[in-house]
1. Using θ = phi - 60° and the Karplus curve 6.51 cos²θ - 1.76 cosθ + 1.60, what whole-Hz ³J(HN,Hα) does each residue of the stretch 325-340 get, with Gly and Pro shown as x?
2. Which ³J(HN,Hα) values, rounded to whole Hz and listed in residue order, are derived for the stretch 347-364 from phi using the Karplus coefficients 6.51, -1.76 and 1.60 in 6.51 cos²θ - 1.76 cosθ + 1.60 with θ = phi - 60°, glycine and proline given as x?
3. If R₀ is 35 angstrom, what is the calculated FRET efficiency for the pair residue 247 and residue 58, using the beta carbon separation as r and rounding to 0.05?
4. Please compute the Cα-Cα pair-distance distribution of the stretch 222-353 with 10 Å bins starting at 0, giving whole percents from short to long.
5. In terms of solvent-accessible area of protein heavy atoms at a 1.4 angstrom probe, what is the ranking of 311, 88, 79, highest value first?
6. Please enumerate, by chain and number, the lysines with C-alpha under 24 Å from the C-alpha of residue 356, excluding those fewer than 8 residues away in the same chain.
7. Would you list, by chain and number, the lysines whose Cα falls below 19 Å from the Cα of residue 248, excluding same-chain residues fewer than 8 positions away?
8. For residue 28 and residue 367, what does the FRET efficiency come to when R0 = 45 Å and r is the distance between their Cβ atoms, rounded to the nearest 0.05?
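The values are calculated or read from the model by the stated rules, or taken from the named source; none is laboratory data. Model, not experiment: these values are computed from the prediction. All Cβ positions, glycine included, derive from the backbone under ideal geometry; neighbour counts span all protein chains shown. Side chains included, ligands, DNA and RNA excluded: accessible areas come from the protein's heavy atoms. Shrake-Rupley method; radii C 1.70, N 1.55, O 1.52, S 1.80 Å.
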Amino acid sequence: MRIFLACGSYLLQLMVWVAVLRLWVTSRSRIKRERRSFGSAVYSDHYELRHFLTQGIVLGLGLSVVNVLVGFSLPLLWIAIYEILAVITLVILPTTVLPLTLIVVSSLATYFGGPYIKNLPSLAPTGLSWANGWSSQIPPQNYLWLAAFFFLILGHWLSRYGGRFTAPRIYAKQRGKRIAGYPWREFLVLPMVTLVPGDWISSHWAFWPLLTVHGHSFAILVVPLLVGLRFTVFRQVPRDVYQRLAKKMIWLAAAGLIFFGWSIHRGQDLPLLLVVLLVGYAIILWRAKRYDAQQQFWYSQVDDGVRVLAIRPQTPAVKLDLAAGDIILECNHQAIDSETSFYEALLRNPTYCHLKVRNMAGELKVTETAIYSGAPHEIGIVLFRDQEG
C-alpha cells in the first residue's frame with residue numbers, strides 16, 4: 001500500500017500536468033491545422049496523448065525496475081532544479097524542448113552549485129538533505145547513468161513509433177510549388193522511481209516507504225522524466241529517418257554507460273563527459289537535418305498527377321498499397337492533375353477505385369479497391385488541396 005501511495009505522488013507534481021496540457025494543446029493544434037489544410041484531420045484522435053499515457057507508463061515502469069535494482073538515487077537539489085526548468089521550458093518554449101539539455105544543465109548546476117546552495121538554507125533541522133558534493137551518499141556519476149538511459153529509451157521509442165504517424169504539414173512554396181513536411185512533436189513524461197536522501201518525507205508522513213542503505217535513509221520518490229525529440233522530415237521517408245536516428249541513440253546510450261564506468265575512477269571528468277554527450281547528440285541531429293536537406297526529392301505538388309501526402313487510417317485507401325510521396329497519374333483510367341480532377345474521376349465509378357501510380361523510385365504500378373458506395377470523398381487519400389483563385 002505504501003508503494004502505491006508513493007507512486008500516486010507522481011500525479012501531484014506540477015510538471016506532469018503542465019506536460020499533459022502542453023501536449024493536448026500541440027495535438028489540438030495539429031488536428032485544427034490538418035482540417036484547415038486538408039478538409040479533415042489525417043489522425044482525428046489525440047494520438048500524442050495516447051502515446052504519452054501508454055508508452056510513458058510502460059517505459060517508466062521498465063526504467064523504475066532497473067533503478068530500484070541498482071539502487072539509483074538523485075539529490076533533492078537536482079530534482080528541484082530539473083522540474084523547475086522543465087516547467088519553464090514547457091510553458092515558454094514548448095516547440096524547442098530539448099530534454100537532454102534539461103538533464104545536463106540540471107546536473108551541472110547541481111554539481112557546481114551544490115556546495116554553495118546546500119548551506120543556503122541548511123535543511124538539517126528538517127531531516128532532509130540536499131545531498132550534493134563528493135562527500136554525499138549519492139554518487140555524482142548517477143547523472144551519466146540517467147543520460148545513458150535517456151538515450152536508450154529515446155532510441156527504443158523512435159524505433160517503434162518514429163514515422164508511423166505521418167501527419168503532413170504544408171510549408172512555404174518551393175520554386176512555385178507548395179511542399180509538405182512531416183514534423184515530429186511528441187514527447188513522453190516517464191514516472192521514474194528514484195531514491196532521495198533524508199528522512200524528512202517519512203517523518204512527516206509515516207506511511208511513506210523508506211529504505212536504509214549502508215546506514216543512510218532514502219525515501220522512494222517517483223520523479224517525472226521528460227523524453228522527446230523535435231524533428232521535421234522534408235525529403236525522405238520518415239520511417240527510414242527515425243530508424244537511423246534510433247540506432248545512433250543506442251550508440252549514445254552505450255557511450256553514456258562507458259562514461260559512467262570511467263567517471264567512477266575519474267570523477268573530476270564528469271562535467272566534461274556530460275557536455276560530450278550533449279554535443280554528440282546535437283551533432284547527430286544536425287547531421288540528420290543536413291542529410292535530409294541534401295536530398296533531391298521533395299513532397300511537393302506535381303504537374304502530371306497528384307501527390308499522395310498521407311493515408312487516413314481505417315479507410316479504403318489503406319488497401320490501395322499507397323505511401324506518402326507516391327504520385328497518382330490516373331484514376332479510373334482518366335488522367336488527373338488536381339484534387340478536383342481526382343474526385344471527378346472517382347465519381348465515374350463511385351463504388352470502385354482503379355489507380356495508376358508512380359512511386360518515389362519512379363516505378364509504375366496499378367492498384368485498385370472497392371470504396372464506400374456514394375462516398376468517394378471518404379476514400380482516405382490526403383492530397384494537396386486546390387488553391388482558390
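1. Once θ is set to phi - 60°, the couplings for the stretch 325-340 become x, 5, 10, 7, 8, 9, 10, 6, 6, 10, 5, 10, 8, 7, 4, 5 Hz.
2. So the Karplus estimates, Gly and Pro as x, are 5, 5, 8, x, 10, 8, 10, 10, 10, 10, 10, 10, 7, 5, 7, x, 8, 8 Hz.
3. On the way: r = 21 Å, r/R0 = 0.61.
According to the calculation, E is roughly 0.95.
4. 10, 26, 23, 17, 12, 8, 4, 0
5. Most to least solvent-accessible, the answer reads 88, 311, 79.
6. Correct list for residue 356: 177, 319, 365.
7. Here the lysines satisfying the reach criterion relative to residue 248 are 289.
8. On the way: r = 34 Å, r/R0 = 0.76.
Approximately 0.85, to the nearest 0.05.
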